[in-house]
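Readers should treat all values here as calculations from the given coordinates under stated rules, not as data from a laboratory. Keep in mind that what you see is a predicted model, and the values were worked out from it rather than measured. Backbone-built Cβ (ideal geometry, glycine too); neighbour counts: all protein chains shown.
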Amino acid sequence: MRFGVRIDVSHLPGVLDPQGATVERALPALGYDNVSEVSIAKTIRLVVDAPSAAAAEAQVDEMCRRLLANPVIERYGITLDELADASEGRS
């Protein structure tokens, strides 16, 4: 089975976000005085071949813990979508 995976990585609460702070300070100069709590995060997209959704999620979770996110300052969320097999519907 193939799964499209989206990983959303953001700062843990209480961790400084210098990019978010810079954007928040700059927005009023552009006329956006009603914006606060700006946070900059990253999204990682990939495709995983795995026997099941549980196996795919476990593999992606391990990737996040080992490489894609820093658990000391970041949190992450994983979204899986099963992809249609490209060979389906062919005769």
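If R0 is 22 Å, what FRET efficiency do you get for Leu83 and Ala41 from their C-beta distance, rounded to 0.05? The partial results should precede the final answer.
Working: r = 24 Å, r/R0 = 1.10.
With a Förster radius of 22 Å, E is 0.35.
So what's the net charge close to Phe3: Lys and Arg +1, Asp and Glu -1, counting the other residues with Cβ under 14 Å from its Cβ? Don't jump to the answer; show the numbers that get you there.
Values: positive: Arg2, Arg6, Arg45; negative: Asp49, Glu57, Asp61, Asp81, Glu82, Asp85.
Counting the neighbours of Phe3, the net charge comes to -3.
Looking at the square roots a ≥ b ≥ c of the eigenvalues of the Cα gyration tensor of the chain, which shape do they give, rounded for a/c under 1.5, prolate if a/b is larger than b/c, or oblate?
It comes out oblate by the Cα gyration axes.
So between Tyr32 and Ser52, what do we pick up on full extension, going 0.36 nm a residue minus the alpha carbon distance?
On the way: separation 20, 0.36 × 20 = 7.20 nm, distance 4.57 nm.
Working it through step by step, the gained length comes to 2.6 nm.
For every other residue with a beta carbon closer than 10 angstrom to the beta carbon of Glu24, add +1 if it is Lys or Arg and -1 if Asp or Glu, then tell me the sum.
Numbers: positive: Arg25; negative: Asp17, Glu37.
Taking every Cβ under 10 Å from that of Glu24, the sum is -1.
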